[in-house]
Amino acid sequence: MKPKPLPHVGPFTRPYWDAARESRFMLQRCRRCRQAIYYPRPWCPHCWSTELEWMPACGRGQVITYSVIHEPPSEAFVSEVPYILAVARLEEGPQMMANVLGIEPARMRVGLPVRIVFEERSGGFRVPQFAPAEEST
Amino acid sequence: MSRSPFDHEPAIAAATEIPPGRYPEFDALNMYEAVMRAFIGKWPLDPSIVDGLLAAPAGMAVAKTPDIFTHETLADSLGIHPTFSETLNAGGATYGFMAQRAAWAVSNGLAKAVLCIGAGKFPKVGGGGGEAMARMVSHPDFEFIYGSFIPALYALSARRHMHEYGTTREQLASVAVSSRDWALLHPDALMRSKGPITIADVINSRPIAEPFNLLDCSIPCDGGAAFIVARGEIARSITAQPAYLLGAGEYHDHGPVSQARDFTSMGARESARRAFQGAGLKPADVHVAEIYDAFTMNPIMFLEETGLVPAGRGGAFFLEGRGAPGGSLPVNTYGGLLSFGHTGDASGMSMIIEGALQVMGLGGERQIADADIALVHSYGNMMSEHSTLILGRKP
Ligand SMILES: [Zn+2]
């Protein structure tokens, strides 16, 4: 079976993916305006400062919207369907897309609290994903 | 009365779309040639009047190396030497931006008659085409890796609209029903031969990405179209009733859809505000609306954003049949991308051609009686960049 896609790791995203390999979820923060930034990039989109720092994020967020996908977009996702594609607002502020793992599609809802978990992919990659935060199981 | 922001009364003087369908023997350039052949076969055009040419990159959706010099390829083939010409791309908004740039070129004296042309193919969704398109419109590292998929990316807006406004599954489906009813009146619409559909047909079709089923999605095909924006006096020499460009608005919002600031308001509000302001008109002045509709969600959201329907009322508008034939505000009178056909990288042409034909009085069986003012809205990428045009019968 075809493996799921991997990100391109470039000079400005390497810290993010290196941390993910160790199951740590990091966000950029602007040293000037202090806002958190996602997705990683070489400047702050709020004030255009290039002075950014990496910080450990709390890994909590809330689902803004989602879709349950029934038709796989490619061979790599054939065994995944139905799976959930969601956008959540992270507690630090930015919006992020990921799949919501470990929930019955019928229980998905806007407003669902989620936490970051990591999914193993080929080549030692770990990809940040969402899981329901209210479950203890 | 309206007051155009443009000098020299720029107007769409000629507009032709080839029948949507599959053109297996035609490569990307052949599609442009098919469009141009149909266009000059239909309209009485003297090549010496055309001094502007705008084209899109031929083969954008299917070729490994799209032609980024399409404007030069065509100008040479057509034997013209423009003073204003380029190949430009903004996805589905490409052709709305062409109309706007052409109107400004005419207004500023850069050109007197600008040919705008686009042709395209929708890749086969199976066999890697859907994946390639998903990659094109998703952030490659922070969206695509999550199995992003075009219907699902649009579904994010639909779900949020349902959450905020109580928009229902039936209301979404009613958009497809309305478009199909219009397609039955268009001789070239791909779904004309399939007959009418019901809300139940839509909801019971194959699930794709909730809340969308198969009939919530537009119909992949090949096709293309061309139009000319010319100074008023040239336009009137080509056709008795041109479609005057009364206003045009452009706005670029987010990039990847996960970064949208508001999933129920994607940027059309600002492009429409600018278009109406330029035209000195208001939403209540509009008689017919042609709205880019990749999925059933789009007309609901963009009717609301353009101000034609109050926020949150778009679903009820379609369920009550108000956009359908005989309704109070006809929407997508050619069947839309949902039932006319979605011609891939040329899809943003279809709503402009139809808006122009309605204003020109050339809508045939589907002609609206009082199409004095038409609003045309198109967008590119994941509802990222927006073009609103306002066309009218009087300059
Ligand atoms: Zn900053």
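Remarks
Okay, residues lined up against (1) away from chain B (no Cβ under 14 Å); (2) in contact with an Asp or Glu (Cβ under 9 Å, 6 or more places away or on another chain); (3) under 28 Å from A:Val110 (Cα atoms); (4) not acidic (Asp, Glu):
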| site | (1), (2), (3), (4) |
| --- | --- |
| A:Gly10 | no, yes, no, yes |
| A:Ala20 | no, no, yes, yes |
| A:Glu51 | yes, no, no, no |
| A:Ala57 | yes, yes, yes, yes |
| A:Thr65 | no, no, yes, yes |
| A:Val68 | no, yes, yes, yes |
| A:Pro73 | no, yes, yes, yes |
| A:Ser79 | no, no, yes, yes |
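- Scanning the range A:93-116 for residues that are more than 9 Å from chain B (Cβ to nearest Cβ) and either touching a Leu at 6+ places or on another chain (Cβ under 6 Å) or outside any loop (DSSP other than H, G, I, E, B) (or both) turns up A:Val100, A:Ala106, A:Arg107, A:Pro113, A:Val114, A:Arg115, A:Ile116.
- Residues that are charged (D, E, K, R) and in a helix (DSSP H, G or I) were ranked within the range B:321-359; the one that is nearest to B:Pro299 (Cα to Cα) is B:Glu354.
- Every listed requirement among (1) at pLDDT 95 or above; (2) within 12 Å of chain B (Cβ to nearest Cβ); (3) more than 19 Å from the chain's Cα centre (by Cα) is met by A:Ala86 save one, (3).
- Unmet criterion (only one of (1) at pLDDT below 95; (2) in a strand (DSSP E or B)) for B:Ala15: (1)
- The sole residue among B:Ser339, B:Ser350 that is among the polar types (S, T, N, Q) and touching a Lys or Arg at 6+ places or on another chain (Cβ under 7 Å) is B:Ser339.
- The strands (runs of 3 or more DSSP E) located wholly in the range A:1-80 that include 3 or more residues which are hydrophobic (A, V, I, L, M, F, W, C) and away from the ligand (no atom under 16 Å from the Cβ) occupy A:60-69.
- In the range B:341-356 there is no residue matching the filter, namely being over 18 Å from B:Ala248 (Cβ atoms) and more than 12 Å from the chain's Cα centre (by Cα).
- Considering (1) in contact with a Lys or Arg (Cβ under 9 Å, 6 or more places away or on another chain); (2) more than 20 Å from B:Thr94 (Cβ to Cβ); (3) of a type outside the set (Phe, Trp, Tyr), the lone condition that B:Ile40 does not fulfil carries the number (1).
- Evaluation of B:Pro140 against (1) within 12 Å of chain A (Cβ to nearest Cβ); (2) closer than 21 Å to B:Leu337 by Cβ (one fails), failing number: (2)
The values are calculated or read from the model by the stated rules, or taken from the named source; none is laboratory data. Since we're looking at a predicted model, the values are computed, not measured. Cβ coordinates were reconstructed from backbone atoms using ideal geometry, including for glycine residues, and neighbour counts include every protein chain displayed.
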